[in-house]
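Encoded as structure tokens, the structure appears first; notes follow it.
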């Protein structure tokens, strides 16, 4: 969809001074922006977007009620979005890598000028889902923190603390959980599903092995760039990295 200038623009921020400053700065670009509304939190912002159908939103992230990410997730369509944020470095890197525009607070006129030039140059945005923006929202969505894995043994369901898990191993159609004290349990999860759910301390080192790096005892170089990982479990288990996965281990251990 091609947006005609000036773009119908909505400001969403819970800080009155930030709204006032941005309104004043945007006043220099009346040929580019037509301010159609303001909202002081994510819930009001959601209502304003639905009522006003803006072409563009300048959006804060940290707000009471609904934050900026949560607000966007509830919208039936995505306007052009420029984040105005004092958010952390991780979010900023995610924005940069996915070509999402952002302004760090306090907003400086010189940085806003670059945003204006970019908007004037691109002029267009999808009316449906925006792949880049949807992707970055997924990256920044808080993950539920897992502390244990449930396994079934007979008529009982046990909760195995992640701190007691040495590694997971796939055998045929099954995945076995191996504990530090030498026990093993059959799980109902695939390695891929576990890889997505578990904390970053768990690393896939082969097609059949996902290990807990906190229980690595030593790493030995092997042939063809592979490694043997000796675990700090009761059996001092030795695990071989796969040719497609050894970079995961190298990155984790900064080898």
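Quick note: the coordinates plus some simple rules give every number you see, no bench work behind them. Not measured: the values here are computed from a predicted model. When we count neighbours, we look across all protein chains shown, and the Cβ atoms used for this are built from the backbone with ideal geometry, even at glycine.
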Subtracting the Cα-Cα distance of residue 193 and residue 160 from 0.36 nm times their residue separation yields 10.2 nm
With a Förster distance of 41 angstrom and the Cβ-Cβ distance between residue 43 and residue 183, calculated FRET efficiency to the nearest 0.05 equals 0.25
For a paramagnetic label modelled at 7 Å from the Cα of residue 176 toward its Cβ, which residues of region 154-169 fall within the zone defined by backbone nitrogen distances under 14 Å?
-> 166-169
Cα-projected label distance for residue 217 with residue 244, points at 7 Å along beta-carbon direction, nm | 3.0
Per the rule of 0.36 nm per residue minus the C-alpha distance, extending residue 62 to residue 121 adds in nm 18.4 nm
Given the Cα-Cα distance of residue 77 and residue 113 and 0.36 nm per residue of separation, how much length would full extension add, in nm?
-> 10.3 nm
Label zone at residue 5, where the point sits 7 Å out along the Cα-to-Cβ direction: region 27-61 residues whose backbone N lies under 12 Å | 29-34
Using R₀ = 22 Å, calculate the FRET efficiency as 1/(1 + (r/R₀)^6) where r is the Cβ-Cβ separation of residue 52 and residue 104; round to 0.05.
-> 0.25
